[in-house]
1. Using a 10 Å Cβ count of at most 15 others and DSSP loop calls, identify the longest part of the chain lacking such GluC sites (Glu not before Pro).
2. Quickly estimate the mean residue ellipticity at 222 nm for the chain, helices only: each DSSP H run with n ≥ 4 gives -39500 (n - 2.57), and the total goes over all residues, rounded to 500.
3. Would you list ILE65, ILE45 from fewest to most Cβ contacts within 10 Å?
4. Using only the alpha-carbon atoms, how far is helix 34-49 inclined from the longest principal axis of the chain? Give it as 0 to 90 degrees, nearest 10.
5. In which sequence would ASP35, ASP13 go, from the one with the fewest C-beta neighbours within 10 Å to the one with the most?
6. Over all directions, how big on average is the projection of the convex hull of the alpha-carbon atoms in the chain, in square nanometres?
Amino acid sequence: MRVFPAVVERCPDTGLYVGYVPGFPGAHTQAETLDELQKNLREVIEMLLEDGEPKLEAEFVGTQIVVVP
């Protein structure tokens, strides 16, 4: 079992959820619901892994909250 962190955003223009795996070229998708997004991300990652082990271009570290006075 492999685990990949995904970043999820919501597009203000379409209202769709957009998800991508940082540093994993091609590992991105969109959906109307979070459940659908999870399913789509899993399918995209599985498809990309068929081509072999990915060479990640970056390492996801985390998020930060930045307070600006």
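Nothing in this text is a laboratory measurement; each read-out follows from the coordinates by a stated rule. For clarity, every value in this text was computed on a predicted model and none was experimentally measured. Don't worry about glycine lacking a Cβ; one is built from the backbone with ideal geometry, like all the others, and counts go over all protein chains shown.
1. Between the exposed loop sites, the longest stretch runs 1-31.
2. -7500 deg cm²/dmol
3. ILE65, ILE45
4. Compared with the principal axis, the helix lies near 40 degrees.
5. Numbers: ASP35 10, ASP13 5.
Result, fewest neighbours first: ASP13, ASP35.
6. Answer in nm², one decimal: 6.1.
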